[in-house]
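Read-outs: derived from the displayed coordinates by stated rules, not from any lab. Everything numeric here is computed off the predicted structure, so don't read it as measured data. Using ideal geometry, Cβ is built from the backbone for each residue, glycine included, and neighbour counts are taken over all protein chains shown.
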Amino acid sequence: QVQVVESGGGLVQPGGSLRLSCAASGSVFSLYSVGWYRQVPGKEREWIARSSWSGDSTTYADSVKGRFTISRDGTRNTVYLQMNSLKPEDTAVYYCSTIAIGGSTSWGRGTQVTVSS
């Protein structure tokens with residue numbers, strides 16, 4: 001079993017930056033990949049980025065490509081989402097999700113990001 005906790009959200013002005021963290025604990029040795037998603041009230045959850053747990057393979061949705069970057073601190077079992085050039089439309093609750101070998105998934109409770117002047 002893997003537990004996931006997101007942190008780092010907050011209020012930022014348009015054009016600003018935030019770094020979200022996704023801390024995994026438990027059976028992290030079984031992890032295969034980690035993804036970031038976001039959701040706005042009334043809309044479906046949107047996938048925005050994914051990385052292999054080793055960090056050697058990353059993919060991004062077109063909506064964030066070139067602005068967001070996934071990185072991993074293997075010593076802390078933590079994955080980061082660096083978000084630059086933030087736009088008001090990036091406002092959402094951001095979630096981290098891990099996938100283990102075998103297919104089981106774990107979700108955090110999310111962290112709110114608000115981009116507003």
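Can you give me the relative contact order of the chain as a percent, contacts being Cα pairs under 8 Å and 6 or more apart?
37
Are there any GluC sites (Glu not before Pro) in the stretch 35-109 that are in a DSSP loop and have at most 10 other Cβ atoms within 10 Å? List them by number.
Counting only loop positions with at most 10 other Cβ atoms within 10 Å, the GluC sites (Glu not before Pro) in the stretch 35-109 are GLU44.
Under unit Cβ charges (Lys, Arg +1; Asp, Glu -1), what dipole magnitude, rounded to 20 debye, does the chain have relative to its Cα centre?
Computed about the Cα centre, the dipole is about 80 debye.
At 25 °C and a viscosity of 0.890 mPa s, what translational diffusion coefficient does Stokes-Einstein give for the stretch 13-117, taking Rh as the Kirkwood radius over Cα pairs? Give it in µm²/s as a whole number.
175
Apply the Karplus parameterisation 6.51 cos²θ - 1.76 cosθ + 1.60, with θ equal to phi minus 60°, to every residue of the stretch 24-33 and state each ³J(HN,Hα) to the nearest whole Hz, in sequence, with x for glycine and proline.
Computed from phi, the couplings for the stretch 24-33 are 9, 9, x, 7, 5, 5, 8, 6, 10, 7 Hz.
Select from the stretch 19-60 those trypsin sites (Lys or Arg not before Pro) which occupy a DSSP coil region and have at most 12 other Cβ atoms within 10 Å, ordered by residue number.
LYS43
Please work out the Cα convex hull volume for the stretch 1-74 and give it in Å³ per residue.
Output value, Cα hull per residue: 120 Å³.
I need the trypsin sites (Lys or Arg not before Pro) found in the stretch 52-105, filtered to DSSP loop residues with at most 12 other beta carbons within 10 Å of theirs.
LYS65, ARG76
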